[in-house]
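Shown next, in structure tokens, is the structure this report addresses.
The values are calculated or read from the model by the stated rules, or taken from the named source; none is laboratory data. Bear in mind that the values here come from a model prediction, so they are computed numbers and not experimental data. Neighbour counts run over all protein chains shown; Cβ positions are idealised from the backbone, glycine included.
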Amino acid sequence: MSAFDSHTPPDAGQQWNAHDYAIDAGFVPVLGGAVARLLDPQHGERILDLGCGDGVLSVDLALSGAHITGVDASPELVGGARARGIEAHVMDAHALTFTRQFDAVFSNAALHWMRGADQVIAGVARALKPGGRFVAEMGGHGNVVAITSALQAALCSNGHAVPAFPWHFPTADDYAERLRAHGFQVRYIEMQARPTALPTGMRGWLRTFASPFLTGLDATQRQRVIDDAVALLEPTQCDARGQWTADYVRLRFDARLRTV
Ligand code: BEZ
């Protein structure tokens, strides 16, 4: 049993702001193109977009003629997906309510928020028709280690406690083993470093994603921690032209639910 077998509530400590998300994290659905191609959605298929966020990538998938259902733990982001015309539901991915309904389950940049990986994979297996595919990309082992180390160091140097790590960034072996244990055949799984340019810089990334590290701090304390983290990150994550990069590592896989 690993620490991830029991999970904290979804998105613990994370507040989503649909406007900031669209601006600071607009690159997330754009970079989801590779995993969307791996999914290869077909006309008429029923596909579950797990952690659909504001539905930008769900809309792209729907262009194939597949029927997309989105689920996300954030009511704000589900509202955004619905505004784009996607059928979307607020749902905890650890307690999916679907049974043998989908030809495929797809997920981009969301599974690492779901710390109870086994509960999530079990729900995905239940949601799929026999032979259905689970195609996803998530943060892998070592993802954003520079950013999280800087945040942890900034919290410590300002005399604050370091909260429990909010994300699950597994190795390929770890996730493949879990998939197999839940009845999947793993056709492909790969870990890849993908340094990612940040359109609104490190401050934009931290504005949208760092809140799990900052719960319980007042506005002044938060600002100090952010300033110190940005100063620590500048030598390695910002180039001479002022372009900031996040040290993303992606874990991408294509798994099929066994028929027997
Ligand atoms: C990611 O997509 O890798 C990620 C995004 C926000 C927080 C942590 C990781």
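Considering (1) touching a residue at least 60 places away in the same chain (Cβ under 8 Å); (2) within 30 Å of L39 (Cα to Cα); (3) surrounded by 15 or more Cβ atoms within 10 Å (Cβ to Cβ), the lone condition that W167 does not fulfil carries the number (1). The condition (being among the hydroxyl-bearing types (S, T, Y) and within 13 Å of the ligand (Cβ to nearest atom)) is satisfied by just one residue among S157, S107: S107.
Reported count of residues in segment 181-198, each being exposed (fewer than 14 other Cβ atoms within 10 Å of the Cβ) and either of a type in the set (D, E, K, R) or closer than 22 Å to L31 by Cβ (or both), is 7. Listed by first and then second residue, the pairs linking a residue in segment 237-260 that is under 30 Å from V186 (Cα atoms) and at pLDDT 95 or above to a residue that is within 16 Å of the ligand (Cβ to nearest atom) and basic (K, R), with Cβ atoms under 8 Å apart and 6 or more places separating them unless they lie on different chains, are Y248/R194; V249/R194; R250/R194. Where helices (runs of 4 or more DSSP H) fall entirely within segment 177-260, those with at least 2 residues that are more than 22 Å from S107 (Cα to Cα) and within 12 Å of the ligand (Cβ to nearest atom) are at 201-209, 211-214. Within the set G32, G70, the sole residue that is under 19 Å from T208 (Cβ atoms) and within 20 Å of the chain's Cα centre (by Cα) turns out to be G32.
Checking the stated criteria, H19 turns out to be part of a helix (DSSP H, G or I) and more than 17 Å from the chain's Cα centre (by Cα). Does S74 satisfy the criteria of being closer than 26 Å to N143 by Cα, touching a Leu at 6+ places or on another chain (Cβ under 7 Å) and within 14 Å of the ligand (Cβ to nearest atom)? No: the conditions fail for S74.
Since A93 meets every condition but one in (1) closer than 29 Å to T245 by Cα; (2) touching a residue at least 24 places away in the same chain (Cβ under 8 Å); (3) within 16 Å of the ligand (Cβ to nearest atom), which condition does it not meet? All conditions are met except number (1). Which ones in segment 193-215 are aliphatic (A, V, I, L, M) and under 16 Å from the mean Cα position of the chain (by Cα)? Selection gives A193, L206, A210. Of all residues in segment 175-199, those satisfying the criterion of being touching a residue at least 60 places away in the same chain (Cβ under 8 Å) and among the charged types (D, E, K, R) are R178, R187, E190, R194. Entry remark, segment 81-93: residues being within 11 Å of A18 (Cβ to Cβ) and within 17 Å of the chain's Cα centre (by Cα) number 1 in total.
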